[in-house]
Amino acid sequence: MNSVSSPCSPAGAGISHPEVPVQPRRRAGSDGRRSEVLTTRVGLQMSPNLTFDAWQRAGSQLAGVLDSSSWWLGDWLVYGKDHYADRYQMGIRTAGLKYQTLRNYAWVSRRFQMQRRRATLTFQHHAEVASLPFDKQEKWLDEAERNGWTTKQLRNAIKAVDHVDSLGAARSVPAKQLALPGSRIEWWRQAAEHSGVDFDKWVLVTLDSAAGQILEHDEEIAALSA
């Protein structure tokens with residue numbers, strides 16, 4: 001099985017990667033050459049005779065490393081802020097990182113303790129629900145795991161429920177009644193009958209027409225003033 005290895009890790013960094021193979025395992029190809037994928041600081045080195053299966057496995061490994069690195073960086077910044085509040089900004093600059101890049105990682109990492117993180121879901125799945133209360137976080141992550149949702153599918157499901165809830169809340173708010181003199185309403189009814197239009201429809205058409213004229217007039221004034 002081919003593996004992704006990283007020969008450019010800095011010596012003495014003190015970081016172990018138990019889940020990421022460090023040394024490439026090679027397999028002889030049909031032409032006798034060895035097939036491998038190697039990561040470097042500036043790119044990926046892939047053998048010309050790399051099989052599709054090996055290429056696919058390498059992509060899965062790289063995606064896993066990319067997703068894990070979001071958690072790693074988030075945890076790293078959280079630790080720095082908790083232990084070196086007066087110096088962690090200097091540590092970020094020394095590492096060549098930008099606080100704006102790390103801020104979201106740290107926020108999500110702080111919202112999810114290690115034991116609550118779902119290995120079957122990506123960092124972005126967790127980011128989608130990070131702003132929700134604890135019970136809703138768990139509910140949506142359970143749904144995402146159960147249904148095998150992508151990040152986009154999870155986001156759309158949350159939006160759909162929020163939309164239904166907002167509609168329900170809107171219906172529960174009583175409509176504000178507009179107080180009008182009875183003589184005024186009767187006058188409008190006579191105008192609607194004279195026009196041969198249903199009263200409700202006449203009111204809407206008349207108000208829309210008046211609003212359109214006012215807005216059009218405002219646009220003309222703005223154009224002249226520009």
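The values are calculated or read from the model by the stated rules, or taken from the named source; none is laboratory data. Only a predicted model underlies this, so the values are computations on that prediction, with no experimental measurement involved. When we count neighbours, we look across all protein chains shown, and the Cβ atoms used for this are built from the backbone with ideal geometry, even at glycine. SASA here: full protein model, heavy atoms, side chains in, ligands and nucleic acids out. Shrake-Rupley method; radii C 1.70, N 1.55, O 1.52, S 1.80 Å.
Note on the range 36-152: enclosed helices (runs of 4 or more DSSP H) holding 2 or more residues that are among the β-branched types (Val, Ile, Thr) and either out of contact with any Gly (no Cβ under 8 Å at 6 or more places or on another chain) or open to solvent by less than 60 Å² (accessible area, probe 1.4 Å) (or both) are 52-83, 88-94, 99-111.
The number of residues in the range 27-52 that are within 28 Å of Thr120 (Cβ to Cβ), at pLDDT below 90 and out of contact with any strand residue (DSSP E or B) (no Cβ under 8 Å at 6 or more places or on another chain) comes to 0.
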